[in-house]
């Protein structure tokens with residue numbers, strides 16, 4: 001069976017005064033339809049670069065990407081994107097922000113039908129009573145709920161999430177993870193998510209793709225996560241394989257705690273990269289619920 005999403009020898013290189021900076025090189029990954037995959041690795045390894053290329057927001061330097069048999073050559077409504085920052089239009093209501101995309105996807109539907117679609121997804125993310133509020137009136141967590149509603153309301157072929165809960169406190173993050181997985185359970189959208197959180201990846205993913213360090217980052221290992229679905233957090237943590245898989249991920253991250261080579265002059269110091277990465281590893285060691 002052909003993969004639903006295929007990344008073949010994908011690379012990203014930026015020109016610099018001192019020569020080419022290779023961020024991602026020979027990145028190969030395939031996703032099955034309806035699969036939820038998390039991409040994890042140290043800070044700055046190129047996770048978000050990969051996601052932005054799949055979204056069509058960042059052109060490839062090499063390779064190709066195929067989604068549902070069609071080559072990705074730019075942004076499109078077949079991909080719903082949720083960023084770390086909600087990226088909402090502040091002068092529009094929550095309903096207006098979601099309906100903006102719905103209007104483009106369903107031009108043949110009546111205005112009332114499009115409003116109903118937008119309102120439905122806002123209700124599904126727990127904002128049924130806040131549809132007429134504008135972003136400045138909403139908390140960060142509520143704004144991110146709008147972002148999730150907007151992405152799912154587009155009925156995309158592929159859902160892309162770039163650390164969507166990275167700016168939230170622990171309690172809100174756990175709540176939003178559950179909202180996301182509940183939405184995903186409804187329609188099984190193929191999803192690719194960037195995260196720095198080991199526990200989040202284990203709770204959400206069917207597979208976890210571990211990236212090597214940059215420069216020239218690529219797929220280092222892939223971990224199968226076979227916890228039964230639908231999932232609850234307590235059931236996942238009680239699974240006999242949970243801590244074994246968690247330790248496997250942390251060991252991979254610790255082994256890749258330093259860049260593969262010394263960066264060129266003028267770039268970030270290796271010590272700074274290592275410090276940020278060790279901070280991430282320490283975060284991963286904190287048990288769920290005690291963040």
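Spatial offset of segment 86-105 relative to segment 141-196 amounts to 16 Å, using the alpha carbon center of each. Here segment 17-65 is treated as a Stokes sphere of Kirkwood radius computed over C-alpha pairs; at 25 °C and 0.890 mPa s its diffusion coefficient rounds to 196 µm²/s. When you work out D = kT/(6 pi eta Rh) for segment 87-149 at 10 °C and 1.306 mPa s, using the Kirkwood radius from C-alpha pairs as Rh and the Stokes-Einstein form, the result is 139 µm²/s. Each peptide in 33-40, 237-244 receives the mean, over its residues, of other Cβ atoms within 10 Å, and ordering these scores from highest gives 33-40, 237-244. Seen against the Cα atoms of the chain and their longest principal axis, helix 270-285 is set at about 60 degrees.
Here r is the Cβ-Cβ distance between residue 248 and residue 28 and R0 is 30 Å; the resulting FRET efficiency, rounded to 0.05, is 0.90. Quote the relative contact order of the chain in percent (integer), defining contacts as alpha-carbon pairs under 8 Å separated by 6+ residues. In percent, rounded to a whole number, it is 23. Shape summary of the chain, radius of gyration then Dmax from alpha carbon positions: 19.3, 58 Å. Taking N as the residue count of segment 59-184, its C-alpha radius of gyration divided by 2.2 N^0.38 Å amounts to 1.09.
Here the calculated FRET efficiency for residue 132 and residue 188, from their Cβ-Cβ distance with R0 = 30 Å, stands at 0.45, rounded to the nearest 0.05. Rounded to the nearest 10 degrees, the angle from helix 94-105 to the longest Cα principal axis of the chain is 80 degrees. Considered as an equivalent ellipsoid built on the Cα gyration tensor, segment 1-139 has semi-axes of 34, 19, 14 Å, the largest given first. Between the helical axis of 111-124 and the longest alpha-carbon principal axis of the chain there is an angle of about 50 degrees.
Each value in this text was obtained by applying a stated rule to the coordinates, not by laboratory testing. On a predicted model such as this, the values are computed, not experimentally measured, just so you know. No Cβ is skipped: glycine too gets one built from the backbone with ideal geometry, and neighbour counts run over all protein chains shown.
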